[in-house]
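The values are calculated or read from the model by the stated rules, or taken from the named source; none is laboratory data. Note that the structure is a prediction, hence the values are computed from the model and not measured. Glycine gets a Cβ as well: all are built from the backbone with ideal geometry, and neighbour counts include every protein chain shown. What goes into the accessible areas is simple: the full protein's heavy atoms, side chains included, and nothing from ligands, DNA or RNA. Shrake-Rupley method; radii C 1.70, N 1.55, O 1.52, S 1.80 Å.
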Amino acid sequence: MNANPLSELTIIRANTWTSRLVGLLSYSSLEDTQAMLVEPGGGIHTVGMRFVIDVVYLDKDNKVLKIVSDMKPMRFSLAPKGTKSVLELSSGNAKRTGIYLDQTLVFG
């Protein structure tokens, strides 16, 4: 597994009220080299989205609490207790980059 699965990704930060509100809704797709970090983050939805994503819930130390693979449009996902941010990736990218439960992710 990749020692730092985020090293090959460009992280798009959604850390303002507006950017969190819009999130990936303004995107027609997400490249395999991109991911959106929603901070602070909690439960999410894909209502209005046009593509499938992987969702990674992180605690305050960026430890992976939960991974939702292949979340289709028009779905809802509840955040586990302790979630502080959410990483959204293109479908299949959580596995491809080597992200796993209880791993601590390092953001550059």
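Here are a few things to note about the model shown:
- Looking only at segment 50-61, and only at residues there that are open to solvent by less than 20 Å² (accessible area, probe 1.4 Å) and among the aliphatic types (A, V, I, L, M), the one that is farthest from S77 (Cα to Cα): L58
- Every condition in (1) assigned to a loop (DSSP other than H, G, I, E, B); (2) in contact (Cβ under 8 Å) with a residue 60 or more places away in the chain; (3) closer than 12 Å to L87 by Cα holds for L24 except the one numbered (1).
- Pairs where the first residue, in segment 50-78, is of a type in the set (F, W, Y) and the second is open to solvent by 10 Å² or more (accessible area, probe 1.4 Å), C-beta under 6 Å, 6+ apart: F51/S29; Y57/L65; Y57/K66; Y57/A79; Y57/P80; Y57/T83; F76/H45
- Within the span defined as segment 86-106, every residue fails to be among the basic types (K, R) and crowded, with 16+ Cβ neighbours inside 10 Å.
- Selection status of P40, at pLDDT 95 or above and either open to solvent by 20 Å² or more (accessible area, probe 1.4 Å) or part of a loop (DSSP other than H, G, I, E, B) (or both): yes
- Condition broken by I67, with the remaining ones in (1) aliphatic (A, V, I, L, M); (2) buried (at least 19 other Cβ atoms within 10 Å of the Cβ); (3) within 10 Å of the chain's Cα centre (by Cα) satisfied: (2)
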